[in-house]
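Please read the structure below before turning to the comments.
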Amino acid sequence: MESKIFYDEEYDNLIISQKADNEKVKKNFLFDNITISLTGAGKVVAIEVMDASKYLSEIGFDANLLEDITKANLIVKPKKDFVFIGFQIVSTKKSSPQRVPLATIPVSCMH
């Protein structure tokens, strides 16, 4: 599914959503300035990063990537006891996609 991307430069919020029209968000996990939205079945369908440029800078990425995002995808990688969640962004500012980590959530919280 194609991601919907929204970056509000004034408030410095980044939203990446892969929620289908027929899916409903049942849970939101808030970690500092990051919100991860899940369906009732535990599928990650969206993320919001508040103070996104600050977050990217703090973890060693160029915050200017946010200015010209051309594509983004959620990354959800199940492991044995946890799920890794992040995102990948493509920007005109960098020639290669940038993979950004967000959180690891225990599998027990995903259902």
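The values are calculated or read from the model by the stated rules, or taken from the named source; none is laboratory data. The model shown is predicted, which means the values in this text are computed figures rather than measured ones. All Cβ positions, glycine included, derive from the backbone under ideal geometry; neighbour counts span all protein chains shown.
If you filter the range 39-55 down to residues that are in contact (Cβ under 8 Å) with a residue 24 or more places away in the chain and over 24 Å from VAL90 (Cα atoms), you find that the one that is surrounded by the fewest Cβ atoms within 10 Å (Cβ to Cβ) is ALA41. Within the range 56-103, if we keep just the residues that are exposed (fewer than 12 other Cβ atoms within 10 Å of the Cβ) and among the small types (Gly, Ala, Ser), the residue that is farthest from ILE34 (Cα to Cα) turns out to be SER95.
Give the range 1-30 a look and list any residue that's among the hydrophobic types (A, V, I, L, M, F, W, C) and in contact (Cβ under 8 Å) with a residue 12 or more places away in the chain, or say none. Show your work before the answer.
Of all residues in the range 1-30, those among the hydrophobic types (A, V, I, L, M, F, W, C) come to 1, 5-6, 14-16, 20, 25, 29-30.
Within the range 1-30, MET1, ILE5, LEU14, ILE15, ILE16, ALA20, VAL25, PHE29 meet the criteria.
Kindly evaluate LYS94 against the criterion of being of a type in the set (Lys, Arg) and under 15 Å from the mean Cα position of the chain (by Cα).
Working: of a type in the set (Lys, Arg): yes; under 15 Å from the mean Cα position of the chain (by Cα): no.
No, not satisfied.
Of ALA103, ALA72, all but one fail to be modelled with pLDDT under 85, out of contact with any Leu (no Cβ under 6 Å at 6 or more places or on another chain) and among the aliphatic types (A, V, I, L, M); the exception is ALA103. Scanning the range 1-54 for residues that are assigned to a loop (DSSP other than H, G, I, E, B) and either in contact with a helix residue (DSSP H, G or I) (Cβ under 8 Å, 6 or more places away or on another chain) or closer than 14 Å to GLY86 by Cα (or both) gives SER3, GLU9, ASP12, GLN18, ASN33, GLY42, LYS43.
Among the residues making up the range 33-56, those that are farther than 19 Å from ILE105 by Cα, of a type outside the set (Ser, Thr, Tyr) and over 11 Å from the mean Cα position of the chain (by Cα) are ASP51, LYS54, LEU56.
When you scan the range 57-91, how many residues do you find that are more than 12 Å from the chain's Cα centre (by Cα) and either in a strand (DSSP E or B) or of a type in the set (A, V, I, L, M) (or both)? Step through it out loud before you land on a result.
Taking the range 57-91 first, the residues more than 12 Å from the chain's Cα centre (by Cα) are 57-71, 77-83, 90-91.
Narrowing further to those that are either in a strand (DSSP E or B) or of a type in the set (A, V, I, L, M) (or both): 59, 63, 65-66, 69-71, 77-78, 82-83, 90-91.
Selection size over the range 57-91: 13.
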